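Inspection log for the structure reproduced underneath, given as structure tokens.
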Amino acid sequence: MLYLTGELGAGKTTLARGFLRACGIADTIRSPTYTLAQAYESGPQTLLHADLYRLKDAAELEHLGLTEWARPGCLWLIEWPQRGGELLAPADLVVTLAAGPEGHEAFLTAGTAAGAAWLARMGDKVSES
């Protein structure tokens with residue numbers, strides 16, 4: 001599970017689109033701001049892109065049917081995860097985006113052993129903050 005955090009306009013949806021493209025998704029990738037969640041199939045992997053910005057209360061997650069996607073082989077990219085509160089599983093990796101003086105910056109934080117392993121595999125491709 002990847003949490004994408006940052007202020008409005010920080011690049012969360014753009015990052016999600018790029019990630020989905022890198023995973024082989026050739027279909028049109030729309031922001032799930034209004035649908036809240038969109039699933040994409042990429043070979044044996046399912047990618048779920050969710051944007052929780054419009055949630056007023058974390059309890060609204062129960063009505064989205066996301067539990068069917070809580071299974072092996074499904075990777076979640078969640079924008080505005082703080083709106084899901086404790087109803088969301090912990091993030092394997094938190095990507096915090098910020099607009100800096102030289103452009104956009106991304107800060108990666110592992111939340112689980114799987115997330116730490118992802119960061120380790122990235123090695124020197126990632127600069128630590």
**OP:** Pick out, from Gln45, Thr109, Ala98, the residue whose Cα sits farthest towards the positive end of the charge dipole of the chain, with +1 on the Cβ of Lys and Arg and -1 on the Cβ of Asp and Glu.
**Re:** Gln45
Original post:
How much mean residue ellipticity at 222 nm does the chain get from its helices, if each DSSP H run of length 4 or more adds -39500 (n - 2.57) and you divide by all residues, to the nearest 500 deg cm²/dmol?
Top reply: -5000 deg cm²/dmol
Subject >> Calculated from backbone phi, Karplus (6.51, -1.76, 1.60) coupling profile of segment 80-87 in Hz, x at Gly/Pro >> reply: 6, x, 4, 6, x, x, 7, 7
**OP:** Could you pull out the trypsin sites (Lys or Arg not before Pro) across segment 1-65 that fall in loop regions by DSSP (anything but H, G, I, E, B) with no more than 10 other Cβ atoms inside 10 Å?
**Re:** Lys56
Subject >> Of Leu87, Leu75, Leu97, the one that fluctuates the most in a GNM where the chain has Cα springs shorter than 10 Å >> reply: Leu87
Original post:
Most fluctuating residue of Gly24, Gly111, Gly11 in a GNM of the chain with Cα springs under 10 Å: which is it?
Top reply: Gly24
Original post:
Gap in Å between the Cα centre of segment 1-52 and the Cα centre of segment 57-129?
Top reply: 11 Å
Original post:
Would you list Leu20, Leu77, Leu119 from fewest to most Cβ contacts within 10 Å?
Top reply: Leu119, Leu20, Leu77
**OP:** For the chain, just say rounded, prolate or oblate: build the C-alpha gyration tensor, square-root its eigenvalues into a ≥ b ≥ c, call rounded for a/c under 1.5, and beyond that prolate if a/b exceeds b/c, oblate if not.
**Re:** rounded
Subject >> Given the chain, longest segment not containing exposed loop GluC sites (Glu not before Pro) (DSSP; at most 12 other Cβ within 10 Å) >> reply: 8-101
Original post:
So for Tyr3, Tyr53, fewest C-beta neighbours within 10 Å to most, what's the order?
Top reply: Tyr53, Tyr3
**OP:** Averaging sequence separations of C-alpha pairs under 8 Å and six or more residues apart, then dividing by the length of the chain, give the relative contact order as a whole percent.
**Re:** 30 percent
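Here, each number is a calculation from the coordinates, and none is a lab measurement. Values in this document were obtained by computation on a predicted structure and should not be read as measured data. As a convention, Cβ positions derive from the backbone with ideal geometry for all residues, glycine included, and neighbour counts pool all protein chains shown.
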